[in-house]
Amino acid sequence: MTSIANSHPIEILLVEDNPADVRLTKEALREGKILNNLNVVHDGVEALKYLRGIGEYAGRPRPELVLLDLNMPKKDGREVLAEVKADEDLKRIPVVVLTTSKAEEDILRSYNLHANCFITKPVDLDQFFGVIKTIESFWLAVVTLPN
């Protein structure tokens, strides 16, 4: 198990197709207190390649946390979540669903697919920063993550 109090940067994979949300997430994490490496992919197909170390992602460090949007091109977040949690090698990586959806169906389905938490992105900029900082403080400072 890895204690986040260690001085190594925490590896985060952001799976997000909206460039504005990518920029805001990067900015919020940059301002945070936890040393991290944020890697970004823009669709579900790339997310699975990254997680499995396929092609251009071979040799990249394994993420210790995944921030996953649901509504993306090629393969949506629900499909990615199902594949990750069904994969013996990947299922222990915490997946935070971070989406604009407030639909009860999406919330239930995400938890049924073993999402570690479901967060609806706020529209307000300050609230968005607050959400990212809360994710950082909980998942990267309080929780003990597996190696």
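Under 9 Å by Cβ, and 6 or more places apart or on different chains, what pairs join a residue from region 59-78 that is touching a residue at least 12 places away in the same chain (Cβ under 8 Å) with one that is in a loop (DSSP other than H, G, I, E, B) and among the basic types (Lys, Arg)?
Close Cβ pairs (under 9 Å, with a partner that is in a loop (DSSP other than H, G, I, E, B) and among the basic types (Lys, Arg)) amount to Asp69/Lys121.
Assuming Thr25 fulfils every condition listed in (1) surrounded by fewer than 19 Cβ atoms within 10 Å (Cβ to Cβ); (2) modelled with pLDDT under 90 apart from one, which condition is it?
Looking at each condition in turn, Thr25 falls short on (1).
Ala103 versus (1) more than 13 Å from the chain's Cα centre (by Cα); (2) over 25 Å from Ala20 (Cα atoms): which is the lone unmet condition?
Unmet condition: (2).
Go through the residues of region 121-131 one by one and say whether even a single one is aliphatic (A, V, I, L, M) and in contact with a strand residue (DSSP E or B) (Cβ under 9 Å, 6 or more places away or on another chain). Steps first, please.
The initial filter retains those residues of region 121-131 that are aliphatic (A, V, I, L, M), namely 123, 125, 131.
In the following step, the residues that additionally are in contact with a strand residue (DSSP E or B) (Cβ under 9 Å, 6 or more places away or on another chain) were identified as 131.
Yes, region 121-131 has at least one match.
What number of residues within region 117-131 satisfy the criterion of being under 20 Å from Arg30 (Cβ atoms), not charged (D, E, K, R) and not in a helix (DSSP H, G or I)?
Within region 117-131, the first condition is being under 20 Å from Arg30 (Cβ atoms), and the residues that meet it are 119, 121-122, 124-131.
With the extra rule that they be not charged (D, E, K, R), the set shrinks to 119, 122, 125, 127-131.
Remaining after also requiring not in a helix (DSSP H, G or I): 119, 122.
Going through region 117-131 one residue at a time, the tally reaches 2.
Among the listed residues Ile93, Ile54, identify the single one that is within 12 Å of the chain's Cα centre (by Cα) and hydrophobic (A, V, I, L, M, F, W, C).
On the way: Ile54 fails: within 12 Å of the chain's Cα centre (by Cα).
After applying the criteria, what remains is Ile93.
Is there a residue in region 58-66 that is of a type outside the set (Phe, Trp, Tyr), surrounded by 14 or more Cβ atoms within 10 Å (Cβ to Cβ), within 11 Å of the chain's Cα centre (by Cα) and farther than 19 Å from Pro146 by Cα?
Within region 58-66, none of the residues are of a type outside the set (Phe, Trp, Tyr), surrounded by 14 or more Cβ atoms within 10 Å (Cβ to Cβ), within 11 Å of the chain's Cα centre (by Cα) and farther than 19 Å from Pro146 by Cα.
Conditions: (1) surrounded by 15 or more Cβ atoms within 10 Å (Cβ to Cβ); (2) more than 22 Å from Lys133 (Cβ to Cβ). Gly53 meets all but one. Number of the miss?
Condition not satisfied by Gly53: (1).
How about region 89-112: which of its residues are loosely packed, with under 13 Cβ neighbours inside 10 Å and of a type in the set (Asp, Glu)?
Matches in region 89-112: Asp89, Glu104, Glu105.
What is the residue count in region 13-24 for residues that are touching an Asp or Glu at 6+ places or on another chain (Cβ under 7 Å) and either of a type in the set (D, E, K, R) or within 15 Å of Lys133 (Cα to Cα) (or both)? Working first, answer last.
Our first condition is that a residue be touching an Asp or Glu at 6+ places or on another chain (Cβ under 7 Å); within region 13-24, this holds for 15-17, 22.
If we keep only those that are either of a type in the set (D, E, K, R) or within 15 Å of Lys133 (Cα to Cα) (or both) as well, we get 16-17, 22.
Number of matching residues: 3.
From Ala82, Ala20, Ala47, grab the single residue that is surrounded by fewer than 14 Cβ atoms within 10 Å (Cβ to Cβ), of a type in the set (Gly, Ala, Ser) and free of Cβ contacts under 8 Å to residues at least 40 places away in the same chain.
Working: Ala82 fails: surrounded by fewer than 14 Cβ atoms within 10 Å (Cβ to Cβ); Ala47 fails: surrounded by fewer than 14 Cβ atoms within 10 Å (Cβ to Cβ).
Being surrounded by fewer than 14 Cβ atoms within 10 Å (Cβ to Cβ), of a type in the set (Gly, Ala, Ser) and free of Cβ contacts under 8 Å to residues at least 40 places away in the same chain holds for just one of Ala82, Ala20, Ala47, which is Ala20.
The values are calculated or read from the model by the stated rules, or taken from the named source; none is laboratory data. Fair warning: this is a prediction, and the values are worked out from it, not measured in the lab. Using ideal geometry, Cβ is built from the backbone for each residue, glycine included, and neighbour counts are taken over all protein chains shown.
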